[in-house]
Amino acid sequence: LATHFLDRIEQSELNAFLHVDRALTLAQAAEADARIAAGTATPLTGVPIAHKDIFVTRDWRSTAGSKMLANYVSPFDATVVQKFRDAGMVTLGKLNCDEFAMGSANENSAFGPVKNPWDHSAVPGGSSGGSAAAVAARLAPAATGTDTGGSIRQPAAFCGITGIKPTYGRVSRFGMIAFASSLDQGGPMAQTAEDCALLLNAMAGFDERDSTSLTPELGGIDEDYTRELGQPLTGLRIGVPKEYFGEGLSKDVEDAVRAALAQYVALGATLVDISLPNTALSIPAYYMIAPAEASSNLSRFDGVRYGHRAAEYKDLSDMYRKTRAEGFGAEVKRRIMVGTYVLCHGYYDAYYLKAQKIRRLIAQDFEAVLNGPDAVCDVIMGPVAPSVAWDLGDKSDDPVAAYLADIYTLSTSLAGLPGMSIPVGFGAKGRPVGLQIIGKHFGEAKLLNVAHAYQ
Ligand code: GLN
């Protein structure tokens, strides 16, 4: 199995993988064989998986898609990587992504863009573009992704695969190179919801090395995420937010999403019109909060402790300045500047604090329809993105156009809710369309069953 996928990776021209090491992978495969022979296998033993290059690994380079970390090798494995190894999974290598997970098209990677396997002139989405492309092209049966504002769901949609961003705090962030710590959440990407459930069983769980990991008292108990698979959907109430079907949504995506909703009605669910009135504010709120946290997190890349250091410099501040000027790409610099600005004394209240208040209002929108005394639905459905994958290069000079395309995924992240994307057909130019399914906090098992029933 490992050889099969390594051969496919070698022949691929998608640029999905950044680092592959055949000998290391085959050694892990041999260990898995021994474990199967010894009768100590788990359901995942011997199954290959590849990791987004945001997760650090001891044996493969960990670049975060950045020149800053081009030759960085971590002294330890991320908790997620370790957990999959403990389950006996075989690591295929590291996957391309937008630099420090900032982007929506994988075009912000220092190591070149990834091609969408369905159409090589299209982007695969981002920031987990390598993960989505690798799974879609059968270069790997499973991959890890991270989602700060849509980076699992949107590339899954653009590449026609299934991905889930769990409730914030479910999956350990230890060893996940930080972008915006209050939003970052890892999750699995695979062909089906059933596969994602099996992967999440190994991936999730309390980790004392992550200060925002959900403790058992807070609901972070080990669960069997496959437990609801196969249950009928009779009586399921699906909230359909009117703000997710307004101006800006392209017709091909709307048609595919509405056809999927009709399929859910045929499966016994009912559709309920809902409103999430603060949806539009998710863009300005997210694009202040995420850069603010990023500007702080990325201060560690100073040329002293990690990765790149400028070759020549006059003094310490010159070394910092040159190292960061050379090591970071344009989008990362833009976010460091925006983030530093909104955190400045004098602007903090007007921007950062206000964005945090809006974040609360957005969370309350979801709370009202999903949990409050007047709750009207069990899950929410809508599009993942306003269009199918765009052409390579289309938005690369226009960051705001890319930010606006995040409109349907940012709110879920700001509210810490679980959300997933499943493939529901094809739109313009034969490119895949994803349906987004959003659940209550801790509602992954239900979400996965709702997705599974469609598949
Ligand atoms: N597209 C969003 C951004 O650029 C989301 C990225 C992510 O979820 N990592 O920030």
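With a 10 Å Cβ neighbour count serving as the proxy for reagent exposure, in which order, fewest first, do Ile283, Ile36, Ile152, Ile437 appear? Provide the component values of the computation, followed by the final result.
Numbers: Ile283 18, Ile36 13, Ile152 34, Ile437 28.
So the residues, fewest neighbours to most, are Ile36, Ile283, Ile437, Ile152.
Rounded to the nearest 0.05, what FRET efficiency do Val304 and Ala266 have when you use their Cβ-Cβ distance and R0 = 45 Å? Walk me through the numbers on the way to the answer.
On the way: r = 60 Å, r/R0 = 1.34.
Efficiency computed from Cβ-Cβ geometry: 0.15.
Of Lys67/Lys314; Lys115/Lys357; Lys67/Lys165; Lys165/Lys395; Lys52/Lys429, which sit over 30 Å apart, Cα to Cα? Mind showing how you got there, number by number?
Details: Lys67/Lys314 22 Å; Lys115/Lys357 38 Å; Lys67/Lys165 27 Å; Lys165/Lys395 25 Å; Lys52/Lys429 28 Å.
With Cα atoms farther than 30 Å apart: Lys115/Lys357.
For the range 2-218, what's the relative contact order in percent, using C-alpha pairs closer than 8 Å and at least 6 residues apart? Present the calculation step by step, with values, prior to reporting the outcome.
Working: 554 pairs, mean separation 42.5, N = 217.
Normalised by residue count, the contact order of the range 2-218 is 20 percent.
Counting Lys and Arg as +1 and Asp and Glu as -1, each charge on the Cβ, what is the dipole of the range 2-218 about the Cα centre in debye, to the nearest 20?
80
Would you mind counting up the charge near Gly430? Only other residues with Cβ under 12 Å from its Cβ, with Lys and Arg at +1 and Asp and Glu at -1. Please list the in-between numbers first.
Working: positive: Lys429, Arg431; negative: Asp119, Asp252.
Value of the local net charge: 0.
Would you mind calculating the relative contact order of the chain from Cα pairs under 8 angstrom and at least 6 residues apart, reporting the percent as a whole number? Display every interim value, and only then the final one.
Working: 1112 pairs, mean separation 83.2, N = 455.
Relative contact order, the chain: 18 percent.
Would any residue of the range 134-152 have its amide N under 17 Å from a label point 7 Å out along Cα→Cβ of Arg35? List them or say none.
141-144
Counting other C-beta atoms within 10 Å, which of Cys377, Cys196, Cys344 has the fewest, and how do the rest follow? Display every interim value, and only then the final one.
Working: Cys377 22, Cys196 32, Cys344 12.
So the ranking, lowest neighbour count to highest, is Cys344, Cys377, Cys196.
Computed over the Cα atoms of the range 64-192, what is the convex hull's projected area averaged over all directions, in nm²? Could the numbers behind the result be given before it?
Working: hull surface 29.3 nm².
If you wrap the Cα atoms of the range 64-192 in a convex hull and average its projections, you get 7.3 nm².
Taking the highest mean first, how do the peptides 322-332, 438-448 order by number of other beta carbon atoms within 10 angstrom per residue? Display every interim value, and only then the final one.
Numbers: 322-332: 18.9, 438-448: 23.3.
Highest to lowest by the protection proxy: 438-448, 322-332.
Would you list Val400, Val257 from fewest to most Cβ contacts within 10 Å? If you can, show how the numbers build up before the last one.
Details: Val400 10, Val257 25.
By the 10 Å Cβ count, ascending, the order reads Val400, Val257.
Of the listed peptides 386-395, 92-101, what is their order by residue-averaged count of other C-beta atoms within 10 Å, with the highest listed first?
Peptide ranking by packing, descending: 92-101, 386-395.
Compute for the chain: radius of gyration divided by Kirkwood radius, i.e. Rg/Rh, restricted to C-alpha atoms, rounded to two decimals.
Rounded to two decimals, Rg over Rh is 0.95.
Over the range 2-218, what lengths in whole Å, largest first, do the semi-axes of the equivalent ellipsoid take, defined as the square roots of 5 times the eigenvalues of the alpha-carbon gyration tensor?
Values: eigenvalues 102, 89, 53 Å².
Taking √(5λ) for each Cα gyration eigenvalue gives 23, 21, 16 Å.
Among Gln191, Leu267, Thr215, whose Cα projects farthest towards the positive end of the dipole of the range 166-285, with charges put on the beta-carbon of Lys, Arg (+1) and Asp, Glu (-1)?
Comparing the listed Cα positions along the dipole, Leu267 ranks first.
Which one, Phe84, Pro423, Ser250, projects farthest toward the positive side of the charge dipole computed for the chain from Cβ point charges (K/R +1, D/E -1)?
Of the options given, the answer is Phe84.
Ordered by packing density, taken as the mean number of other Cβ atoms within 10 Å over each peptide's residues, highest first, how do 220-231, 202-213 rank?
Working: 220-231: 15.8, 202-213: 18.0.
Ranking, from highest mean packing down: 202-213, 220-231.
Assign one of three labels to the range 57-129, namely rounded, prolate or oblate, based on the Cα gyration tensor with a ≥ b ≥ c the square roots of its eigenvalues; rounded applies when a/c is under 1.5, prolate when it is not and a/b is larger than b/c, and oblate otherwise.
Working: a/c = 2.58, a/b = 1.55, b/c = 1.67.
Because a/c hits 1.5 or more and a/b fails to exceed b/c, the range 57-129 counts as oblate.
May I ask what percent, to the nearest 5, of DSSP beta bridges between residues of the chain are antiparallel?
Working: 27 of 40 bridges.
Rounded to the nearest five, the antiparallel share is 70 percent.
So how strong a dipole does the chain carry about its Cα centre when Lys and Arg Cβ are +1 and Asp and Glu Cβ are -1, to the nearest 20 debye? Walk me through the numbers on the way to the answer.
Working: 41 positive and 50 negative charges, 113 e Å.
In total the dipole reaches around 540 debye.
Only the coordinates and a few stated rules stand behind these numbers; no lab work does. Just so you know, these numbers come straight off a predicted model, no measurement behind them. Positions of Cβ are generated from backbone atoms using ideal geometry, with glycine treated the same way; all protein chains shown enter the neighbour counts.
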